1. Scan the chain and report its longest stretch carrying no GluC sites (Glu not before Pro) that are both in a DSSP loop and have at most 13 other Cβ atoms within 10 Å.
2. Once phi is turned into ³J(HN,Hα) by the Karplus curve 6.51 cos²θ - 1.76 cosθ + 1.60 with θ = phi - 60°, what whole-Hz value does each residue of region 103-114 show in order, with x for glycine and proline?
3. Which angle between 0 and 90 degrees, to the nearest 10, do you get for helix 12-34 versus the longest principal axis of the chain when only C-alpha atoms count?
4. Using modelled backbone amide H atoms (1.01 Å from N, in-plane), which distant-in-sequence or interchain residues come within less than 5 Å of residue 55's amide H?
5. Report, to the nearest 10°, how far helix 66-93 tilts away from the longest principal axis of the Cα atoms in the chain, using its own Cα long axis and a range of 0 to 90°.
6. When only C-alpha pairs under 8 Å and at least 6 residues apart count, what is the relative contact order of region 2-126, in percent?
7. I'd like the trypsin sites (Lys or Arg not before Pro) in region 6-79 restricted to DSSP loop residues with at most 16 other Cβ atoms within 10 Å, sorted by number.
8. Which value results when the Cα radius of gyration for the chain is divided by 2.2 N^0.38 Å?
Amino acid sequence: MIEEFKAFIARGNVIDLAVGVIIGSAFTGIVKSLTNNLINPLIGIFLGRIDLSNLKVTIGEATFKYGAFLNSVINFFIIAIVVFLIVKAINKVVRTEPEVEEAPEPDQSEQYLSEIRDLLKEQAKKQ
């Protein structure tokens, strides 16, 4: 069982996933900092408030902190855009399919010869 576990851990997919999770969590910290320190103050210029996380609505005893939700939405969109750009760049670099060149259009004489060949094949089948 220990050997199976070693083989499982040594597989490239598991190691790649672990690296992705570690880098993803570090990247999330960067995006939160970007949102809280740069984007929110920029939005705050237009709204008159710099800290969006303090925006809330109180109805009776319930408090709805929609500012924290807005921060989370902004973080999500930034992460989604960056991941999209990274995947797009990786797909450009790592092309799995070779580019297929289209065959040039045959000229008129080649078309006539292929038609003659096809007609001869049909006549041979009939005989």
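1. Values: sites that count: 61, 99, 101, 102.
Answer from the scan: 1-60.
2. 5, x, 5, x, 6, 4, 5, 5, 5, 4, 5, 5
3. Compared with the principal axis, the helix lies near 50 degrees.
4. Excluding prolines and chain starts, which carry no amide H, the hits are 67, 68.
5. 30
6. That works out to 13 percent.
7. 11, 49, 56, 65
8. Relative to the rule-of-thumb radius for its length, the chain sits at 2.21.
No value in this document is a laboratory result; all are computed from the given coordinates. Just so we're clear, the structure is a prediction, and the values are computed from it rather than from any experiment. Note that each Cβ is placed from the backbone with ideal geometry, even for glycine, and that neighbours are counted across all protein chains shown.
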